[in-house]
Amino acid sequence: MVDFLKDAIYFLERLGYPGIIFLMFIESSFIPFPSEVVIPPAGYLASKGRLELWAVIVSGTLGSLFGALFNYMVAAKLGRPFLERYGARLLIKKETLAKADRFFQKHGHVSTFVGRLLPAIRQYISLPAGLTKMPLLSFSVFTSLGAGLWVTVLAILGYWVGENEDLLRLHLKEATLGLVALAFAVAFAYWLSIRLRRRNP
């Protein structure tokens with residue numbers, strides 16, 4: 001097992017659930033920090049009886065939600081006034097902002113859920129949601145669902161694979177591809193349902 005996994009297990013055993021929440025908060029906010037070095041080691045500790053698996057999943061999901069809410073609030077408080085005032089200078093028309101508002105009001109729930117399953121997007125899907133002031137309750141629910149699914153997969157992998165770094169890397173790749181496929185399947189099913197509703201009002 002590589003040193004960073006040993007270090008992660010060492011620190012997580014001492015930091016416990018607050019450490020998981022804090023690290024996943026960082027992972028879900030602006031700072032690029034991989035959840036793969038937090039949740040699988042915590043899952044491994046659960047397999048040894050040093051943590052509880054369900055509590056690892058809850059802590060990881062809460063941390064992800066808190067980080068996403070931080071991004072949402074920053075985008076809503078700072079980004080929206082900035083774009084409304086200077087958007088024209090950046091070639092962003094008011095009509096474009098209005099269209100984005102309407103899109104997230106109608107489709108923000110599925111966009112948020114799908115975005116949380118996609119690498120390199122999951123940390124930043126909160127920004128357009130905040131800019132368009134997507135309903136906070138809906139944002140929180142679908143962020144928690146998407147983040148919870150990802151955290152659960154990582155925790156179970158850590159629980160069963162443990163210290164086998166090569167096997168963990170292999171299954172992480174498979175899990176990521178599987179969740180990407182699920183994200184596209186959900187997006188396609190949602191798009192198809194809209195098309196069918198329009199044809200059969």
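We did not get these values from a lab; they are worked out from the coordinates using the rules stated. In this text the structure is predicted, and so the values were computed from the model without any measurement. A quick note on method: Cβ atoms are made from the backbone with ideal geometry, for glycine too, and the neighbour counts reach across all protein chains shown.
If the segment from Phe103 to Trp191 were pulled out straight at 0.36 nm per residue, it would be longer than the present Cα-Cα gap by 30.4 nm. In this label model, Val37 and Val180 are separated by 2.2 nm, measuring between points 7 Å along each Cα→Cβ vector. With 0.36 nm allotted per residue and the present C-alpha distance subtracted, the Ala120-Trp54 stretch has 21.2 nm of extension available.
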